[in-house]
1. Per-residue ellipticity at 222 nm for the chain, helices alone: DSSP H runs ≥ 4 residues times -39500 (n - 2.57), over residue total, nearest 500 deg cm²/dmol?
2. Among Asp66, Asp282, which comes first, then next, by fewest other beta-carbon atoms within 10 Å?
3. Which residues' amide hydrogens lie under 5 Å from the amide hydrogen of Val55, considering only partners 5 or more residues apart or on another chain, with H built in the peptide plane?
4. In the chain, what percentage of the DSSP-assigned beta bridges are antiparallel, given to the nearest 5?
5. Through the Karplus equation 6.51 cos²θ - 1.76 cosθ + 1.60, θ set to phi - 60°, convert the phi angles of the stretch 91-101 into ³J(HN,Hα) values in whole Hz; use x for Gly and Pro.
6. Could you give each residue of the stretch 182-191 its phi-based ³J(HN,Hα) in whole Hz, using Karplus coefficients 6.51, -1.76, 1.60 with θ = phi - 60°, and x for Gly or Pro?
7. Which percent of Cα pairs goes in each bin when the distances of the chain are cut into 20 angstrom slices starting at zero?
8. In percent, what relative contact order does the stretch 1-159 have, based on Cα pairs under 8 Å that are 6 or more apart in sequence?
Amino acid sequence: MLAPLLLAAARSARMRDLVTSVPLTRGVVDRFVAGEDLGAAILAIQELTGDGLKVTLDHLGEDTTDRAQADATRDAYLELFRALSAEGLTAGADASLKLSALGQALPGDGERIALDNARAVASAAQGLGMTITLDMEDHTTVDSTLGILRELRADFPATGVAIQAMLHRTEGDLADLTGAGSRVRLVKGAYAEPESVAFQSKKDVDRAYVRALRMLMEGEGHPMVGSHDPRIIEIALDLANRNGRKPGSYEFQMLYGIRSGEQRRLAESGEDMRVYVPYGSDWYGYFMRRLAERPANLAFFLRSFVSR
Ligand code: FDA
């Protein structure tokens, strides 16, 4: 019951103003967000990579309605890459992009603006030996995102994409995404979606995830298992083994601050483990989706007020 309310709140400007104006929120946000500025992000990346983990970096922001903001997001990624390069942190690093932050929803030629901005980021990433991965947002954006992915892959073949198991269309989409060189991050899906397009129960989403994971592991691409779910991780290891895959031909991915011990355990056992590291001041939407995923997070959040 709570999750749909929190996901609706994630898109409410009034709730955003309310939640972000409370100073105490910060302490809870820090659990999921590496920091508000680049310096804090670099420190988090150094700690993670020092522990043998790989990273994908998200400069927070989404649903941009302003061209200047879309271009500023592009520039923030370019600045991030310069800092990573100066610190010797580019090897094996990936950047996660939300096309809506790069202009996808702007009226008129938003899609072209997002493509041009993503292209600039992909080009800079490729020049440093890094990759980019497109996040997937709500279901209304999937066709556009997959179209932009196709265009980017023509010039930057290592460009990856997140695919949401909860959507009914996913198995069809994956049919085109299991070939050699394809990098797909499979996730359950973090947005409130109607019954007409998405599975609603955890059981159905988990089953759909396993079907999609089987397609990816049997394919020729590079599956990225984006989940914290212990059962999914066990099944992924089993499917990799059955398909003769060795670590490095697939990878696990988890979010910053979630099951950090398990992240390190998987890396120590020889698996490729990549942590999604969000940073920046526009953390509200990301934070609310993390609250929605786990009611206990909301209780923790509310307790931080009461205990003061
Ligand atoms: P599930 O929700 O069943 O959780 C399994 C267990 O993990 C829980 O029991 C708990 O222990 C832990 N856990 C999960 N979420 C938690 C939280 N918020 N706080 C504390 N513990 C938690 N979605 C999307 O729609 N588009 C995208 O582009 C991405 N990108 C993305 C990248 C990466 C690297 C990851 C790991 C996830 C995403 N997601 C995403 C989010 C994804 O769709 C999904 O909402 C979350 O990963 C939660 O689903 P799980 O698979 O972890 O399972």
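1. -15500 deg cm²/dmol
2. Asp66, Asp282
3. The list, which skips near neighbours in sequence, is Asp94, Val275.
4. Numbers: 1 of 31 bridges.
Looking only at bridges with both residues in the chain, the antiparallel portion is about 5 percent.
5. 4, x, 7, 10, 10, 9, 10, 9, 4, 5, 7
6. 6, 10, 10, 8, 8, 10, 6, x, 10, 9
7. Histogramming the chain at 20 Å steps yields 33, 63, 4 percent.
8. 18
Laboratory data are not the source of any read-out in this text; all were calculated from the coordinates shown. Bear in mind the structure is a predicted one, so any value in this text is a computation, not a measurement. For neighbour counting, all protein chains shown are included, and Cβ atoms are generated from backbone atoms with ideal geometry for every residue, glycine included.
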